[in-house]
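Accompanying notes for the structure given below.
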Amino acid sequence: MERPKKLEPRINDRIRVREVRVIGPEGDQLGILLTDEARAKANELGLDLVEVSPTARPPVCKIMDYGKFKYVTKKKAVEQRRNQKVIEVKEVKFRPKTDTHDVQIKTEHARRFLEEGNKVKMTIMFRGREITHPEIGQQMLERVSEQLKDVGMVEFFPRMEGRAMFMVLAPAKPGSRPVARPVTAPVGAPVVVPMAAPPVERVTEPEVANRQEISSGTAVAVAPGTTESKGAAQ
């Protein structure tokens, strides 16, 4: 299927409307002129009359060197594509039973991808009953990310997707420091809710004195509304 061609603006004799709003070659406003008059002004300057805003009423045209304009526009587009950096997402796959040597090799591959400026998606594939222990995969991903913290930063922390767990690392920004991740429970681990502390008992001064007398073995009965010294009770 061919890509549709980009429509080029109408210029000179291809402009069919009766009158246009004209912009001079230096950007100055020349006002609304008959199209033939605007075309004649462009010819006097050895330039082209280019329709730059066909939907305006009346359409807006500019007097310019159209060939030079196309060349400069094309050159800018090529320069933008050249300076545009394409970031790819590379994938590195593990298994819960991948041995230490293979994990180290895959970690070095991920390090090279990050140093090249690409993102890395690390995937743990679970088979059979391995899915009942997702914490094994999470611990493996966290160990790998810890080894790569000098060249990469975690963009997506470990999460389940079907029978797979994945984590995404992005290249570390120059001069940035790795941010420590808060300690969380492994995936699938029961959530422990901390118990609320018991309420603090508030004791008034008379109650404190009364408790001290009881603990010393001396009890004093005081009728309501009366005051009795400790010596009289003895």
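The values are calculated or read from the model by the stated rules, or taken from the named source; none is laboratory data. Since we're looking at a predicted model, the values are computed, not measured. For neighbour counting, all protein chains shown are included, and Cβ atoms are generated from backbone atoms with ideal geometry for every residue, glycine included.
Here is how the numbers come out for the structure above:
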{"item": "Qualifying positions in the range 61-107 - among the charged types (D, E, K, R), surrounded by fewer than 11 Cβ atoms within 10 Å (Cβ to Cβ) and assigned to a helix (DSSP H, G or I)", "result": "K74, K75, K76, E79, R81, R82"}
{"item": "Matching residues, the range 128-146, being β-branched (V, I, T) and buried (at least 20 other Cβ atoms within 10 Å of the Cβ)", "result": "V144"}
{"item": "Residues within the range 14-28 that are touching a Ser or Thr at 6+ places or on another chain (Cβ under 8 Å) and surrounded by 11 or more Cβ atoms within 10 Å (Cβ to Cβ), tallied", "result": "4"}
{"item": "V78 vs. criteria more than 37 Å from the chain's Cα centre (by Cα) and outside the structural domain of L141 (by TED's automatic domain parsing)", "result": "no"}
{"item": "Neighbours by Cβ (under 8 Å, 6+ apart or cross-chain): first from the range 92-107, in the same structural domain as R127 (by TED's automatic domain parsing); second part of a loop (DSSP other than H, G, I, E, B) and among the polar types (S, T, N, Q)", "result": "K106/T98"}
{"item": "Total residues in the range 48-88, condition under 30 Å from V120 (Cα atoms), in contact with a Lys or Arg (Cβ under 9 Å, 6 or more places away or on another chain) and aliphatic (A, V, I, L, M)", "result": "1"}
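So that you can scan it fast, the table gives a plain yes or no per residue for (1) outside any strand (DSSP E or B); (2) over 16 Å from the mean Cα position of the chain (by Cα):
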{"position": "V120", "(1), (2)": "no, no"}
{"position": "I124", "(1), (2)": "no, yes"}
{"position": "E142", "(1), (2)": "yes, yes"}
{"position": "V168", "(1), (2)": "no, no"}
{"position": "K173", "(1), (2)": "yes, no"}
